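Working notes for the structure below.
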Amino acid sequence: MTLVEMMIAIAVMSVVIAGIMSAHFLGLREDQLMESKAGANDTSRKAIGRMLNDIRGAKGYDVGTYNGFTNFTPVTSGFFQGPALRLYTAIINSNQAVNVSNYTFYYFDSTYSAQSAGVLWRLTSSSTTPVIVASNLLNPLYFTSETFQGYTQTVRTYKGVIHTVLQFSQFQYPLTPVGSNGLYDYYRIDCRATPHLPDGP
């Protein structure tokens, strides 16, 4: 083999190896992207599934505001919309009224929502230790009691539909450095559910 032939062979092999390595790195990058999206989808699906089950099984509910875990103030007039949702899980057998001492409580913590770090918390009357349901949330962070037509209720005469939106923000690639040039993906879940209760609050 002459020197020229050897140089041509080396150049061809270098191109082939470079192509194989580029395809390999592209595959690794795509795998990171799919892992990121799959993780976000799985997390959001579990969070929504549990919350929707709680809503559907509720005997009554209130939408309102909160100040800490115990100071819940329900909306009684105007638009029934707020960052907190209290689901009453039992009734008093003697008069079929909701038992307000048994509840499941969901609320949004929007303290760091501007940094894509809003949190949805859950606690119950039997366990007042809050548990994170979903994190990395963006605004809007609230629950709305709606009519069957999708309008925000102003009167709780009839059964309402609880509506909330979860918008997740997550690094597009797990190894992306934190900073102004970081890449993010956004995932939006719009959900509605009707509690198992008769007309009225």
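Measuring from a point 7 Å past the Cα of Cys191 along Cα-to-C-beta, which residues in the range 48-67 have an amide N at less than 15 Å?
Once the point is set 7 Å along Cα→Cβ of Cys191, 48-58 turn out to lie under 15 Å by backbone N, inside the range 48-67.
Do any chymotrypsin sites (Phe, Trp or Tyr not before Pro) in the range 96-163 lie in a DSSP loop with no more than 16 other beta carbon atoms within 10 Å, and if so, which?
Listed in order of number, the matching sites are Tyr112, Phe148, Tyr151, Tyr158.
Bear in mind these aren't lab numbers, they're just calculated from the coordinates by the rules spelled out. Computed from a prediction, not measured in an experiment: that's the story for all the values here. All Cβ positions, glycine included, derive from the backbone under ideal geometry; neighbour counts span all protein chains shown.
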